[in-house]
Structure formats: structure tokens, C-alpha cells
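Enquirer: Please read through the structure below; I'll follow up with questions.
The values are calculated or read from the model by the stated rules, or taken from the named source; none is laboratory data. Computed from a prediction, not measured in an experiment: that's the story for all the values here. No Cβ is skipped: glycine too gets one built from the backbone with ideal geometry, and neighbour counts run over all protein chains shown.
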Amino acid sequence: MTKGIAIIGSTGSIGTQALDVIDHFPDRFRVVGLAAGSRVEMLAEQVRRYRPEIVAVPGADAAIGLKRHLAEQPITPMPEILWGPQGLEQVATHPSAQMLLTSVVGALGLRPTLAAIAAGKDIALANKETLVAAGALVMEAARRKGVKIIPVDSEHSALFQCLEGQEPAAVKRLLLTASGGPFRGRKDLATITKAEALKHPRWVMGAKITIDSATLMNKALEMIEAHWLFHVPMEQIEVVVHPQSIVHSAVEYRDGNVIAQLGPTDMRLPIQYALCYPERAETYVQRLDLFQVGTLTFERPDLETFPSLNYARQAVTMGGTMPAVMNAANEVAVGRFLADQIAFVDIFRIVRGVMERHSVVSRPDLEAILEADRWAREAAASSDWW
């Protein structure tokens, strides 16, 4: 039986690679819904190729632009074209979809993910901010509905595979690997340029996640995501800098054994695993050749120069709305850096400052989380306090 897939974030790095995976399994998957941001022309090409039943874009102007592009080479039948947050949710919950791949950046993925879970859809999760901001709500909703949440991030896919079939009580530590980003070993970050920060040594990713990798905020978010996904306390989650990015993560068990997952630096592999789960389908991606790998090295992260990992531990310790605030402040700070409004080191200052100013709401519902997110964005966007 063909599995219906809805993708939100279809024109981004993960979305386009997911479609590449789907291309190689035409009898296994069918694209039933697509949603994307500003790349309307690319989205129009995807619509022509995959013939989804429903499509969503951010606003009315984008919807008009998409219809204009599609009118140049009309297709039959035309998909339903929606816009705004409700459009995202309708793509996520479309009756023909059995799985939602959520690969939008930031807290934008929260509502459609919760809506898809409520509708009984399995989730292929590439939007770590959803669990950072509302991990308790999302995981409880998935438990109630019996929905699978299968991580797409390479590190969490690795942990998922290393943990499968094991009892939670057997786990000693989760070891999240990090490449270290472009500034590994560097102490002075004051003069870093945007071009330098966007030059990741191992992965090709979108701008926001590339900057997060440079600040190690990506690992901070992944720590929180792993905490919720695998029900492991933060004190049992450790980041290990591994510049070669061959070991994608590992689990240390109480009996002293460490089980690791290795693979090439190709996101199509964890995407394929998530879409095909629980089957391990024959891959078309170039395989890892251990004879070509050479030396693998591991280091401790520099928490003084890159304090993001400390922020994650503080956010989870304080609980409630603090992780959502940390995430939102970082999103805005990264956006300001990419817009040449602030220096690289100001990202740390803004995140720390917004967290210090926040009054935590414990046991928040969705509306309280979204309000904390809104407050943090406003605070991080102001330039007269930090």
C-alpha cells in the first residue's frame, strides 16, 4: 500500500531531500500535501511534479503568485491552494496523509504538528523547535493518540536506532555528536563575519541551522529534543565534538557498552529511515566506506566560548516556558545576525539576556507557550537593553 506523505517546508533543504528520497521509492510513497514559504516558483515546480491534493503558502500574495505560476502550465486536477497558519494545519491533517514530515524552521511547526498528531498522523520530525518549545505537550499528545514520532535529524535518528528494543532504565548516557562548526578551537569570536559563519565544514543546510551549528545552539536544541523524545534526564545527555561527523550519536548503557550509529554525511539516509520505518529499505545513497574513513576523533565542547549548551541545561532546569523563550530569542537573534544588524557574539548576549528577563510559567498550556514565544521575540528584537 502506498503511504501518503504531507510535507511542510517542502522547498527547504530537508524538504527537497525528502522529495528526492520519495522519487526513488515511487511505489511506496505518494505526496498528498505540500507547504512552503517564499520560494513560490520552486513550489509550483513541485506541485507540477508531484500533483498533491492540497498546497499551503504563508499569505494571500504568495497564494496568488503560486496560482499565476501554475496557470502558465495548467495541471489537472488543480490542488486546493490555501494560505496562512490554517493552511499549514490543513496540509498537516489532510485525510490522505498517513505521515507528516515537518521540516519548517522554528516554532512555526508547533501548531501543525499538534494538529497532525490529533488527527492520528505519524510524524517524521525535522523541526526540533517543536519539542524544544512544547515537548511535554507534544509527547503526551502522541502517547494519547498512539502516534509514532520518528526523528529525522541525523543525531536523533542515530539515538532512535541505538535505543530501539532497549529498556530506558538500561541507559547511562546519550552521547550527541557535534561537528564543532566552523569555529571549533577558536577563542575570539568578535570579528566573525556572516560569510564565515555560513561556511559549515561538513553539512549543507539552511542559513538558520548553519548559524545555530556555528554557535552550538543547534546542539543545545538537540539536547532538549532528546530529553523529550527519549525520556532521558538532561544530566544524562552529553555533547561530544566529533569533527568528522561519521558517528552521528551513541548511547552508553549501564553495563558499560556503547552503541553508536555511523553513516555518511547525507541527510537522505535518516530521511529514508524515517519514511520507511520500521522497514530498512535498500538505499540508493552512497554507502559509508570504513576503509576510507580514516581517523575518528572526539573532544569536549568549549562551554566558555560557546555557552549555548549551558543555556539549554538552564532552560530545562527552570522548565515551563523557559525552553520556548530560549528558542524564540535565538531565532530572532540569528535573524538579526543574518540581516547584518548585530555581531555574531551578540547572539549569545541576546539569548542570555532574554532568558534572564523572563518570568517562567510552570505547566503551560499551548496558549501560554505561544505567548511566551511572542514575548521573547519582541524582547530579542529590541536593541536598547542588551
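Enquirer: Among the residues that make up segment 35-58, is at least one of them buried (at least 22 other Cβ atoms within 10 Å of the Cβ), in contact with a Ser or Thr (Cβ under 8 Å, 6 or more places away or on another chain) and not in a helix (DSSP H, G or I)?
Expert: Scanning segment 35-58, I find at least one residue that is buried (at least 22 other Cβ atoms within 10 Å of the Cβ), in contact with a Ser or Thr (Cβ under 8 Å, 6 or more places away or on another chain) and not in a helix (DSSP H, G or I), so the answer is yes.
Enquirer: Among what's in segment 160-218 and is of a type in the set (Val, Ile, Thr) and over 21 Å from MET326 (Cβ atoms), pick the residue that is modelled with the lowest pLDDT. Even if it seems obvious, please write down each step before you answer.
Expert: At the first step, the residues of segment 160-218 found to be of a type in the set (Val, Ile, Thr) are 171, 177, 191-193, 204, 209-211, 215.
Cutting the leftovers down to over 21 Å from MET326 (Cβ atoms) gives us 171, 177, 191-193, 204.
Details: VAL171: 97, THR177: 97, THR191: 92, ILE192: 94, THR193: 92, VAL204: 68.
Top of the filtered list is VAL204.
Enquirer: Out of LEU101, LEU66, LEU19, I need the residue that is surrounded by 18 or more Cβ atoms within 10 Å (Cβ to Cβ), not in a helix (DSSP H, G or I) and not assigned by TED's automatic domain parsing to the domain that holds LEU275. Which one? Please lay out each step first, then the result.
Expert: Working: LEU66 fails: not in a helix (DSSP H, G or I); LEU19 fails: not in a helix (DSSP H, G or I).
On inspection, the qualifying residue turns out to be LEU101.
Enquirer: Mind counting the residues in segment 117-132 that are in contact (Cβ under 8 Å) with a residue 40 or more places away in the chain and more than 16 Å from GLU222 (Cα to Cα)?
Expert: Looking only at that region, the number is 1.
Enquirer: Follow-up. Which of the residues belonging to segment 112-140 are closer than 19 Å to GLU80 by Cβ and basic (Lys, Arg)? Step through it out loud before you land on a result.
Expert: So the first thing to find is which residues in segment 112-140 are closer than 19 Å to GLU80 by Cβ, and the list is 112, 115-116, 119, 121.
Matches in segment 112-140: LYS121 only.
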